Amino acid sequence: MTNGGPLAGITVVALEQAVSAPMCTRTLGDFGARVIKVENPKGGDFARHYDDVVGGLAAHFVWANRGKESVALDLKSDGGQAVLHRLLEHADVLVSNFTPGTTAKLGLAPADLEVRHPDLIAVEIDGYGPGGPLSHKRAYDLLVQAESGACSVTGSPGAPAKPGPPVADVCSGLYAALSVLALLYARRPGQVAVSLLDTMAELMGYPLTYTRHSGVEQQPLGMSSPAVSPYGAYRTADGQTVVLGTTNDREWQRLATELIGRPDLADDERFRANAGRVEHREVLDAAIGAWCGRYDLGHVQERADAAGIGNARYNTVTEVLGHPHLDARDRWREVGTPSGPVPALLPPPVIAGFDPPMGAIPALGEHTDAVLAELGYAQPEIAALRARGAVR
């Protein structure tokens, strides 16, 4: 069973929990790969149980696991191990993100896989990568965001914050998926290791580079940027919030003269270059805030568009659910779940001539019998495995 698409015919086996590996494998599935999710019979992926808001299902699980087949195996049993290895004999990719040392205990360390499954692309996502003082530690998105310094540049001065989306998990999953695509393109097997801390260090590239060469710890600025000014959020007369941004001197000149009608600011030597504007951002924010406060959001955005100034409306999550741009571009689809169909967003890439499969969310162990039969297990053998608790 395969889906049409760029990765049609590719089979991915997932030993995964929570977000990072599930986002990797869901991305591969969005491109048409078949994803077989191997879960513990005793509860499965623990993200299944974070909450029950989606008709009894957890929002995290529904988001990250569409289109997958769930096979419930006890990997601590001989029978479950035998099924897994038979499955890997027919797979192209293995993706895992168990706690440190777990794959080695299961005989799935890179050296083991090179011997037993030499044609496999094996991806292991962990928290900190091997060879360092933190390698043994459990790692979750918030913990790694704190460790990487991301929380120190998010929020406001004296009130650091975690970036809302789980960016360590999601970006690690995407780097893992990108690595799989590269090896598939090269038509060769390989071992891939992606750590959440390495991912977050990469995402922190700008502040790390700035501080290394300036000695200055940039402070978090809420809905603004330490790199450029003016760039921030301003209240409008109708109680909305507009976000205005400039990225170069020409845009600043247009904002000052054509948008807020302050040619005096455009001519002020303090604000000629971005470095000066950053140094004196409070003066500019006050002037822009005063102008925005006199007009409704619609007027501000219309004027900003006319002046060629980037702008956006600050939206809540509820408002994004009904966002007219997403609706106009037909970005929502329905996917099946054990509790009935639910809306889901299409994946970001739009590939001409390819409709993402948008498969259903699996129940725990829903596909166990079908996959085992496909692997050559007869019904009496499946029944015996079930009786021993090796499969569900």
Task: Qualifying trypsin sites (Lys or Arg not before Pro) in region 74-106, DSSP loop, other Cβ atoms within 10 Å at most 14 - done: 76
TODO: Starting from the Cα of residue 306, move 7 Å in the Cα-to-Cβ direction to define the label point; list residues of region 229-262 whose amide nitrogen is under 16 Å from there.
DONE: 254-262
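Counting only DSSP beta bridges with both residues in the chain, tell me the antiparallel percent, nearest 5. List each step's numbers first, then the result.
Details: 18 of 41 bridges.
Approximately 45 percent, going by the DSSP bridge assignments.
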Task: Fully extended contour minus Cα-Cα distance, from residue 90 to residue 315, at 0.36 nm per residue - done: 76.4 nm
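Taking Cα atoms of the chain, Rg/Rh with Kirkwood Rh, to two decimals?
Details: Rg = 25.3 Å, Rh = 23.9 Å.
With Rh from the inverse mean 1/r over Cα pairs, Rg/Rh is 1.06.
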TODO: Determine the dipole magnitude for the chain: charges of +1 sit on the beta-carbon of Lys and Arg, -1 on that of Asp and Glu, nothing else is charged, the reference point is the Cα centre, and the result goes in debye to the nearest 20.
DONE: 380
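May I ask for the net charge around residue 368, where only other residues with Cβ less than 12 Å from the Cβ of residue 368 are counted and Lys, Arg are +1 while Asp, Glu are -1? Please list the in-between numbers first.
Numbers: positive: 37, 386, 392; negative: 39, 69, 74, 366, 369, 374.
It works out to a net charge of -3.
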- [ ] Express in whole angstrom the spacing between the alpha-carbon centres of region 38-103 and region 251-277.
- [x] 56
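Compute the FRET efficiency between residue 249 and residue 299 as 1/(1 + (r/R0)^6), taking r as their Cβ-Cβ distance and R0 = 22 Å, and round to the nearest 0.05.
Numbers: r = 26 Å, r/R0 = 1.17.
Computed FRET efficiency for residue 249 and residue 299 comes out at 0.30.
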Task: Taking N as its residue count, the alpha carbon Rg of region 85-203 over 2.2 N^0.38 Å - done: 1.19
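Taking every pair of distinct Cα atoms and averaging 1/r, then inverting, what Kirkwood hydrodynamic radius in Å comes out for region 187-344? It would help to have the intermediate numbers written out before the result.
Details: mean 1/r = 0.0531 Å⁻¹.
Value: 18.8 Å, from the Cα pair sum.
Taking a 1.4 Å probe, which of 171, 292 shows the most accessible area, and what order do the others take after it? Walk me through the numbers on the way to the answer.
Numbers: 171 35, 292 0 Å².
Output order, biggest surface exposure first: 171, 292.
Trypsin sites (Lys or Arg not before Pro), restricted to region 123-194: which are DSSP loop and have at most 10 other Cβ atoms within 10 Å?
In loop regions of region 123-194 (DSSP not H, G, I, E or B), the sparsely surrounded trypsin sites (Lys or Arg not before Pro) are 138, 187.
So for region 45-106, averaging the separation of alpha carbon pairs under 8 Å that are six or more residues apart and normalising by length, what relative contact order in percent results?
Working: 30 pairs, mean separation 10.2, N = 62.
With pairs under 8 Å counted, the relative contact order is 16 percent.
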Task: Relative contact order computed over the chain (Cα-Cα under 8 Å; 6+ residues apart), in percent - done: 19
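More than 14 Å apart: what percent of Cα pairs in region 258-324 qualify? Write down the numbers at each step before the final one.
Values: 1492 of 2211 pairs.
The share of Cα pairs beyond 14 Å in region 258-324 comes to 67 percent.
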Task: Geometric extent, Cα atoms of region 301-392 - Rg, Dmax (angstrom) - done: 22.8, 73
Task: Contour minus Cα-Cα distance for residue 209 and residue 102 (0.36 nm per residue) - done: 35.0 nm
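How many percent of Cα pairs in region 33-95 exceed 18 Å?
Details: 827 of 1953 pairs.
I get 42 percent for the Cα pairs in region 33-95 exceeding 18 Å.
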Open item on the list: Between residue 185 and residue 238, what is the label-point separation in nm under the 7 Å Cα-to-beta-carbon projection?
Closed with: 4.6
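For region 8-152, divide the Cα radius of gyration by the Kirkwood radius and give the resulting Rg/Rh value with two decimals. Write out the running numbers ahead of the final one.
On the way: Rg = 15.6 Å, Rh = 16.1 Å.
A ratio of 0.97.
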Open item on the list: Can you give me the convex hull volume of the Cα atoms of region 344-392, divided per residue and expressed in Å³?
Closed with: 109
Open item on the list: Compute the distance from the alpha-carbon center of region 327-392 to that of region 149-170, in whole Å.
Closed with: 34
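Run the helix sum for the chain: -39,500 (n - 2.57) per DSSP H stretch of 4+ residues, divided by residue count, reported at 222 nm to the nearest 500 deg cm²/dmol. Provide the component values of the computation, followed by the final result.
Numbers: 18 runs with 151 residues, N = 392.
The helix-only estimate for the chain comes to -10500 deg cm²/dmol at 222 nm.
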TODO: Return an integer: the convex hull volume of the alpha-carbon atoms of region 149-225, in Å³ per residue.
DONE: 109
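The values are calculated or read from the model by the stated rules, or taken from the named source; none is laboratory data. Note that the structure is predicted; figures quoted are calculated from it, not measured. Reconstructed Cβ throughout: ideal geometry from the backbone, glycine too, with neighbour counts over all protein chains shown. The area values use the complete protein model at the heavy-atom level, side chains included, leaving out ligands, DNA and RNA. Shrake-Rupley method; radii C 1.70, N 1.55, O 1.52, S 1.80 Å.
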